[in-house]
Amino acid sequence: MRYFSKVNDLGDLHQALQEALEIKKDRFKYVELGKNKTLLMVFFNSSLRTRLSTQKAAMNLGMNVIVLDVNQGAWKLETERGVVMDGDKSEHLLEAIPVMGCYCDVIGVRSFAGLKDRDYDYAETVFNQFVQYSGRPVFAMETATVHPLQAFADLITIEEYKEVKRPKVVLTWAPHPKALPQAVPNSFAEWMNAADVDFVITHPKGYELDPAFVGDATVEYDQKKALTGADFVYAKNWSCPGVTNLAEYGQVLSKDMGWTIDEEHMSWTNDAHFMHCLPVRRNMIVTDNVIEGPRSLVIPEAANREISATVVLKRILEKL
Ligand code: CP
């Protein structure tokens, strides 16, 4: 595997899941694979889980790791072509990327959506520049529109905790004070469509996700109806994807606290497990009691980020 941003990049998903469970039993099994290989992790945005879990995964595989926080200590980067660089940006990404490629064997990129220009964000402009100009295998550590390492970890978690063969998994929008990207719900939808689950998405009108990610999922605007009988409740906020009205792209259309996942919402489910990728705004997205309750999986999900990243890096190293 040379690039990783989509579920199809992994090939057979069942096989990838089995590999993840095997690695979880012995996460240092492939420690020789990354000897004298260097991972460069490039962060344009903040991170706790992705930074730590991906670094740990690289260490599991015997790799060296360099972390670059673009906004702390590096030259301020211009990302648009054709700009007269007479402002505060000293270096263009189109030189910086091949230079980064000189010092490593694999590159992970975190670069969030700007939420101003839908076409620019959904073209994955920054990630694709790394693909085009770095000369190295590149994987997404949450880009403008996808967060596949999170979705893979979520799928591993569902596989581990499911109590029926084909569980009902509900992705529900929940309120948040700020505009957030659609990367997590997009990837979660993409991966659930590829998995053997009964998948339902629920959100207020106007929050329709891009049809390429919604795929065959059932979209139910009535949150109570959607949550009824759920085995897993995956809560997440996202800003307007601009599908039904492009002018609203990236905006907060609703802060309706009636969508916050509390004990009453969970009572409609089939004693569902609660999931969220973290970080989470308590008592906006989910109440203290639910996230701290016995059915909450937020910590196992975070733990599985190490496993999903180990599988992905292993597969990239195998093809170097
Ligand atoms: N879930 C997730 O990607 O967490 P971070 O933003 O802290 O990396």
Exception for Leu68 within (1) closer than 16 Å to Val138 by Cβ; (2) away from the ligand (no atom under 16 Å from the Cβ); (3) open to solvent by 30 Å² or more (accessible area, probe 1.4 Å) falls at (2)
Can you give me the number of residues within segment 189-198 that are open to solvent by less than 10 Å² (accessible area, probe 1.4 Å) and in contact with a helix residue (DSSP H, G or I) (Cβ under 7 Å, 6 or more places away or on another chain)? 2
Considering only residues that are among the hydrophobic types (A, V, I, L, M, F, W, C) and either more than 16 Å from the ligand (Cβ to nearest atom) or over 16 Å from Ala195 (Cβ atoms) (or both), look in segment 159-176 and name the one that is surrounded by the fewest Cβ atoms within 10 Å (Cβ to Cβ). Val164
Candidate set: segment 259-305, residues that are more than 16 Å from the ligand (Cβ to nearest atom) and among the aromatic types (Phe, Trp, Tyr); chosen: the one nearest to Ala230 (Cα to Cα): Trp268
Of the residues in segment 178-218, those that are β-branched (Val, Ile, Thr) and in a helix (DSSP H, G or I) number 2
If only one of Arg295, Arg281 is at pLDDT 95 or above, charged (D, E, K, R) and under 13 Å from Asn237 (Cα atoms), which one is it? Arg281
Residues of segment 105-134 classified as under 25 Å from Leu52 (Cα atoms) and touching a residue at least 12 places away in the same chain (Cβ under 8 Å), total: 17
Among all residue pairs at least 6 apart or on different chains, which show Cβ distances below 7 Å where the first residue, located in segment 254-277, is open to solvent by 20 Å² or more (accessible area, probe 1.4 Å) and the second is within 16 Å of the ligand (Cβ to nearest atom) and not in a helix (DSSP H, G or I)? Trp259/Ala174; Met266/Phe274
Between a residue in segment 8-33 that is β-branched (Val, Ile, Thr) and any residue that is crowded, with 16+ Cβ neighbours inside 10 Å and not in a helix (DSSP H, G or I), which pairs come within a Cβ distance under 8 Å, given they are 6 or more apart or on different chains? Ile23/Tyr30; Val31/Leu61; Val31/Gly62
For residues in segment 100-115 being open to solvent by 10 Å² or more (accessible area, probe 1.4 Å) and out of contact with any Pro (no Cβ under 6 Å at 6 or more places or on another chain), which is farthest from the ligand (Cβ to nearest atom)? Cys102
Looking across segment 135-144 at residues that are of a type outside the set (A, V, I, L, M, F, W, C) and open to solvent by 10 Å² or more (accessible area, probe 1.4 Å), the single one that is nearest to the ligand (Cβ to nearest atom) is Glu142
Looking across segment 34-59 at residues that are assigned to a loop (DSSP other than H, G, I, E, B), open to solvent by 70 Å² or more (accessible area, probe 1.4 Å) and of a type outside the set (Ser, Thr, Tyr), the single one that is nearest to the ligand (Cβ to nearest atom) is Leu48
Note on Gly82: of the conditions (1) at pLDDT below 95; (2) surrounded by 16 or more Cβ atoms within 10 Å (Cβ to Cβ); (3) small (Gly, Ala, Ser), unmet is (2)
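The values are calculated or read from the model by the stated rules, or taken from the named source; none is laboratory data. Not measured: the values here are computed from a predicted model. Cβ sites come from the backbone with ideal geometry, for glycine too, and all protein chains shown count toward neighbours. Heads up: the accessible areas ignore ligands, DNA and RNA and are worked out on the full protein's heavy atoms, side chains in. Shrake-Rupley method; radii C 1.70, N 1.55, O 1.52, S 1.80 Å.
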